[in-house]
């Protein structure tokens, strides 16, 4: 594993320790029977009853197991051993079945051999910024989809990632483009900072991220032979992805949509994309 990915793995081991405490990430809500999914993905993915769903970059599986509660047969993959251990414990404690494999995206074929066996491959929220290369990611997705199955992603919009977050405003001073839009293979190294889910917690390990344009994302699907079925853009996101965000739709005490409701102009903050593998019946 390249050095940047190892740094990120250590960062996410630490993040898991923070996120599994109490109800920071909705763990107590989930244990009480709540669904941790947001409205958009539930509506757009649709009925998953009896379908095999592969969740890439699943963190500690709370969303993965939410799909299981909706009837899917789920497999989650993440590169953090702490996250996978927590996912397995959560599955057992809540009696919600799910399989979990520990691997980074680029090595997952070494631990998960179920090629062309999934009806749905799923990724969501704060995932692809941890990937240096999307072409091989797209090929991996295609490798696991059944003919006629589909890939679904809901994620921060690449345009939103150009703009400062609240903590950037002292340096940025005004709300405007602050980070590059186009992909830089070198990525950006960030020092340790506060945790996004628990601002009272400080990380001791930094991280390394990569920006990807919308054409990078769509190109990864097309190059893998997948057919784009839908692309939607939204003026809100599942976390305060830029400065000036307020809650616009609340699902529980621990998850909501955030938008710039008082801003004079809109910025796309989130997108969803669905792409289908050719051949076979529709999943």
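Every number in this text was worked out from the coordinates using simple rules, so none of it is lab data. Just so we're clear, the structure is a prediction, and the values are computed from it rather than from any experiment. Because the Cβ atoms are built from the backbone with ideal geometry, glycine has one as well, and the counts that use them run over all protein chains shown.
A single entry from 33, 26 fulfils the requirement of being over 28 Å from residue 134 (Cβ atoms) and surrounded by 19 or more Cβ atoms within 10 Å (Cβ to Cβ): 26. Mind checking which residues of the stretch 187-196 are closer than 14 Å to residue 17 by Cα and exposed (fewer than 15 other Cβ atoms within 10 Å of the Cβ)? Once the filter is applied, which keeps residues that are closer than 14 Å to residue 17 by Cα and exposed (fewer than 15 other Cβ atoms within 10 Å of the Cβ), the stretch 187-196 yields only 194. Taking the criterion of being more than 18 Å from the chain's Cα centre (by Cα), free of Cβ contacts under 8 Å to residues at least 40 places away in the same chain and surrounded by fewer than 19 Cβ atoms within 10 Å (Cβ to Cβ), would at least one residue in the stretch 119-138 satisfy it? No, because not a single residue in the stretch 119-138 is more than 18 Å from the chain's Cα centre (by Cα), free of Cβ contacts under 8 Å to residues at least 40 places away in the same chain and surrounded by fewer than 19 Cβ atoms within 10 Å (Cβ to Cβ).
Does residue 242 meet the test of being in contact with a helix residue (DSSP H, G or I) (Cβ under 8 Å, 6 or more places away or on another chain) and either closer than 22 Å to residue 173 by Cα or free of Cβ contacts under 8 Å to residues at least 12 places away in the same chain (or both)? So residue 242 fits the description; yes. Taking every residue in the stretch 201-227 that is on the phi > 0 side of the Ramachandran plot and pairing it with any residue that is part of a loop (DSSP other than H, G, I, E, B), at least 6 positions away or on another chain, the pairs with Cβ-Cβ distances below 7 Å are 225/278. One residue alone among 165, 169 is crowded, with 16+ Cβ neighbours inside 10 Å and out of contact with any strand residue (DSSP E or B) (no Cβ under 6 Å at 6 or more places or on another chain), and that residue is 165. Under the condition of being closer than 30 Å to residue 145 by Cβ and buried (at least 18 other Cβ atoms within 10 Å of the Cβ), the residues counted in the stretch 252-283 number 12.
If you check 43, 28 for being within 20 Å of residue 87 (Cβ to Cβ), without any contact (Cβ under 8 Å) to a residue 12 or more places away in the chain and either assigned to a loop (DSSP other than H, G, I, E, B) or out of contact with any helix residue (DSSP H, G or I) (no Cβ under 7 Å at 6 or more places or on another chain) (or both), only one passes: 28.
Considering only residues in the stretch 197-227 that are part of a strand (DSSP E or B) and under 19 Å from the mean Cα position of the chain (by Cα), the one that is surrounded by the fewest Cβ atoms within 10 Å (Cβ to Cβ) turns out to be 209.
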